[in-house]
Amino acid sequence: GAGVSQSPSNKVTEKGKDVELRCDPISGHTALYWYRQSLGQGLEFLIYFQGNSAPDKSGLPSDRFSAERTGGSVSTLTIQRTQQEDSAVYLCASWTSGGPGNEQFFGPGTRLTVL
Amino acid sequence: GNSVTQMEGPVTLSEEAFLTINCTYTATGYPSLFWYVQYPGEGLQLLLKATKADDKGSNKGFEATYRKETTSFHLEKGSVQVSDSAVYFCALSGYDYKLSFGAGTTVTVRA
């Protein structure tokens, strides 16, 4: 597709369950980001993949959060033992090389609700 | 670390009014600056950007100038329309390539 896609668009889960969120970046984009948008915290960086380099995980809020990017393309964000404070919109963005002035293209997000 | 401080909302205006949303930043080095917009029910999209001091970004009648001396990147539009109702986010990116966002400003334009 032409843009970044994410699935599912909405996810409702029970506290303590694991969830997986998927991101398909724009073809050819070397970098992929996960951000979280929540009422209390605004938009915050979670993790960043660039090519074959080790990911920058500095924004992950706890060890319950992990992400992988397979084959330099699709990424999955996994949240284990979900808590109510994990409820948020999870945004994926992709970016092509050329410097920090290049635009990050955002997907529509996955709205996660933890009951 | 990098941070962005953005004017708190919500902001409510009448059509054709002048809009300003203040944004200041703290960063090491020379970051790139952005305004992203989120229309109701839609995803984040880039509105405009500036990559060096004194650059002016512009799009859809919106403008913002990268002011290094005041570490600011205020967003302005001279005559807003109902269709400009959205949440606006100021953001910066340094050579860590991560976006740091302001808190967002909700703008509502009334006919």
Fill in the blank from the handout: Within the stretch B:16-28, the residues that are open to solvent by less than 50 Å² (accessible area, probe 1.4 Å) and farther than 18 Å from B:Q81 by Cα are B:C23, B:Y25, B:A27
Exercise for the section: Go through the residues of the stretch A:14-30 one by one and say whether even a single one is more than 10 Å from the chain's Cα centre (by Cα), touching a residue at least 24 places away in the same chain (Cβ under 8 Å), on the phi > 0 side of the Ramachandran plot and more than 11 Å from every other protein chain (Cβ to nearest Cβ). Expected result: yes
Handout entry: Leading residue by the ranking (nearest to the other protein chains (Cβ to nearest Cβ)) among those in the stretch B:65-89 that are out of contact with any Phe, Trp or Tyr (no Cβ under 7 Å at 6 or more places or on another chain) and under 16 Å from B:L44 (Cα atoms)
Key = B:V87
Problem - Unique residue being crowded, with 21+ Cβ neighbours inside 10 Å and either away from chain A (no Cβ under 14 Å) or touching an Asp or Glu at 6+ places or on another chain (Cβ under 9 Å) (or both) when the list is B:L48, B:L92, B:L33 - result: B:L33
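The values are calculated or read from the model by the stated rules, or taken from the named source; none is laboratory data. Everything numeric in this text was worked out from a predicted model, so none of it was measured. We place every Cβ from the backbone using ideal geometry, glycine too, and count neighbours over all the protein chains shown. Heads up: the accessible areas ignore ligands, DNA and RNA and are worked out on the full protein's heavy atoms, side chains in. Shrake-Rupley method; radii C 1.70, N 1.55, O 1.52, S 1.80 Å.
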